[in-house]
Amino acid sequence: MASSSRIDYEIISDPFNPQCVIAGFIPLWEDNEKEKLLLERIRGKEGDTSLKYTPQEERDLINGQIRNSQGFDVDFSMFRCLFNFYPSSLDESHSTLIRETDRIFFGRLAQESIADYNINEGTSFDFLEVEKANLYRSKGYIYFITFVAKDPCHQTKVFQAKVCNVFCREIEHSFCRLKPGQQVECDEDSKRVVKKPRCVVACFNYSIFGEVTEEDKLLLERIRGKEDNTSPKYTDQEERNLINKQIRKSQGFDVDFYKFRCLFDFYPSFLDECHSTLITETDRQFFGRLAQDSIADYNVREGTSFEFVEVEKANLYRNKGYIYFITFVAKDSCDKTKVFQAKVCNVFCREIEHSFCRLKPCQKGECHENSERAVKRPRYNTRSNKRAGVFTNVS
């Protein structure tokens, strides 16, 4: 996903820039009934009360609206000319060759966009429906999608997503944002989301000279096993897209590393060895301590009494420190085990930060016998490197 910098939001009007968006005329020839019907559906039938502008005035007007709204809000009813920037008819099929309506197609893109937004912003919005979508057609399409999503308090918010679909290339999600002029506070569940943006995008783990060291080769072989003729074959870019898709889909917890021939800065931990700290303890012990801190925070917040049992696995993202995605098992007061997921940030020269701890999705956490029992011991600071004795390995 492209970075959500200011240039992503702004409309680029430089015709030599491949991301340029300038509405141009679509000629209406006498025998082109399809385009004439499209124009009539966009603006309705032309009447005596229709606004009259010259074609050049209409072109200036639509491009002004595109720039002012960054492509999302355009009053197409004002125009008698047909442009290559036009609205989607959501309940028909125009944007894809497969048999699905534009509403379904843009809904899928919106779900991917809100998933990226949740990871980058540490939120937990759920997609609801597409409100509208505008299309810019030039060597492919750029989609400007307006859609509705709900937060954990079931409050709805309007989002805007820009998606590029250039011919012969993969679809690229330029950005997803709240429609300007909205607030995102959720008093009930505000503590259940990550407060700081943490973008996780796997990149190739090569040296500055683009070489793979023997140590990296051994690490890659241990991650995926020895390569054979049955191993899946992808290009480097296909592998990068595939791992990032799995990261987004599972929020970093479930990735099939055996598929990849490339080494990335997102990789699994070898729990019975020591790689994540400089002190003499295995990764299993280190992530076990972090998991105990996470489940203690979870118990205080949720009023439960889960006890840590063991670490199942952990994935690491290395970039100016580490982000740990820990999957572990805990038991409730009825001795029933549940699988939990915890995200922990360990940035260089800062305290360890427990971003969140949650039940792995598709599980239930009820214990009918002691469901009302809450943790009674006082809460202590679980987020100090000094208390945990953690030192980051910078080598």
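The values are calculated or read from the model by the stated rules, or taken from the named source; none is laboratory data. Since this is a predicted model, take the numbers as computed values, not measurements. All Cβ positions, even for glycine, are placed from backbone atoms using ideal geometry, and neighbour counts span all protein chains on display.
So the values come out like this:
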{"read-out": "Which listed residue, of Lys196, Lys233, is at pLDDT 70 or above and in a loop (DSSP other than H, G, I, E, B)", "value": "Lys233"}
{"read-out": "Which numbered condition Arg41 misses (of (1) assigned to a loop (DSSP other than H, G, I, E, B); (2) at pLDDT below 90; (3) of a type in the set (D, E, K, R))", "value": "(1)"}
{"read-out": "Selection from segment 286-313 of residues that are more than 16 Å from Glu353 (Cα to Cα) and either touching a Phe, Trp or Tyr at 6+ places or on another chain (Cβ under 9 Å) or among the polar types (S, T, N, Q) (or both)", "value": "Asn299, Thr304, Ser305, Phe306, Phe308, Val309, Glu310, Val311, Glu312, Lys313"}
{"read-out": "Which numbered condition Ile171 fails, given (1) at pLDDT 90 or above; (2) touching a strand residue (DSSP E or B) at 6+ places or on another chain (Cβ under 7 Å)", "value": "(1)"}
{"read-out": "Filter result for the condition that a residue is free of Cβ contacts under 8 Å to residues at least 60 places away in the same chain, small (Gly, Ala, Ser) and on the phi > 0 side of the Ramachandran plot, over Gly64, Gly140, Gly107, Gly122", "value": "Gly140"}
{"read-out": "Identity of the residue in segment 131-167, of a type in the set (Gly, Ala, Ser) and under 18 Å from Asp102 (Cβ atoms), that ends up surrounded by the fewest Cβ atoms within 10 Å (Cβ to Cβ)", "value": "Gly140"}
{"read-out": "Where Phe72 falls short, out of the listed (1) touching a strand residue (DSSP E or B) at 6+ places or on another chain (Cβ under 6 Å); (2) of a type outside the set (Gly, Ala, Ser); (3) assigned to a loop (DSSP other than H, G, I, E, B); (4) free of Cβ contacts under 8 Å to residues at least 60 places away in the same chain", "value": "(4)"}
{"read-out": "Criterion: of a type in the set (Gly, Ala, Ser) and at pLDDT 90 or above - qualifying residue of Ala342, Ala388, Ala374", "value": "Ala342"}
{"read-out": "Any hit, segment 140-150, residues being out of contact with any strand residue (DSSP E or B) (no Cβ under 6 Å at 6 or more places or on another chain) and not hydrophobic (A, V, I, L, M, F, W, C)", "value": "no"}
{"read-out": "Test result for Ile119, assigned to a helix (DSSP H, G or I) and under 25 Å from Gln237 (Cβ atoms)", "value": "yes"}
